[in-house]
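Only one structure is covered here, and it is reproduced in the block below.
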Amino acid sequence: MNHLKALIREVPDFPKPGINFYDITTLLKDKTGFKNVIDSLVNQFRSTPIDVVLGIEARGFIIAPAVAYALGYGFIPVRKEKKLPADRARIEYALEYGTDVLEIHKDAIDPGQNVLIIDDVLATGGTAVAVGKLVEMLHGKVAGFGFILELDFLKGREKLAGYEAYSLLHY
């Protein structure tokens, strides 16, 4: 999968000085690269018991529906605060520079459903852990986490101990 790294644009000093941003939009526009990402995630989780695939706003929205479709499951969005129209469950979680809030429809997950969580990047793990807690708040089971890339030096995987977590690329 390392050939995919050549398709990812690295943007220095974004969103602030000293941060290197890995922009996957250049990977997504490449038809072979995009297909490789989806196929790899599908192959990784094909034998995992899954009932539904969840995508985290915003780039998880691009990948998760394609994975869900290929596996034959439905898709659930997790959105930023006040973007969903019906009754919502919410979680506030810490970021490196403050806090954020994510929400899911309260009826999105049936009790006992196995939920695959997909996002673009595993960095510090805070967002992934928060979404896992949202799934469990609704009495679902986290079937696993899938990411396009992982920033190993931030050690986010440590926060996902006890869960299956798969990343295509490592930086």
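What follows draws every value from the coordinates through simple rules; no lab data is involved. Remember, predicted model here, so these are calculated numbers, not experimental data.
Tabulated values for the structure
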quantity: Using θ = phi - 60° and Karplus 6.51 cos²θ - 1.76 cosθ + 1.60, couplings along region 147-163 (whole Hz; Gly, Pro as x); calculated: 9, 6, 9, 10, 9, 4, 5, 8, 6, x, 4, 4, 6, 9, 3, x, 10
quantity: ³J(HN,Hα), Karplus 6.51/-1.76/1.60, whole Hz, each residue of region 106-119, x for Gly, Pro; calculated: 4, 9, 6, 10, 7, x, x, 5, 8, 10, 8, 9, 10, 8
quantity: Extension gain (nm, one decimal) between LYS35 and LEU95, 0.36 nm per residue minus Cα-Cα; calculated: 18.5 nm
quantity: Cα gyration tensor shape for region 1-88, rounded if a/c is under 1.5, else prolate or oblate; calculated: oblate
quantity: Under 19 Å from LYS82, Cα to Cα: aspartates and glutamates that are on another chain or at least 8 residues apart; calculated: GLU57, GLU92, ASP100, GLU103, ASP107
quantity: Long pairs among LYS29/LYS83; LYS31/LYS141; LYS29/LYS141, criterion Cα-Cα beyond 29 Å; calculated: LYS31/LYS141; LYS29/LYS141
quantity: Per-residue [θ]222 nm for the chain (sum of -39500 (n - 2.57) over DSSP H runs n ≥ 4, rounded to 500); calculated: -7500 deg cm²/dmol
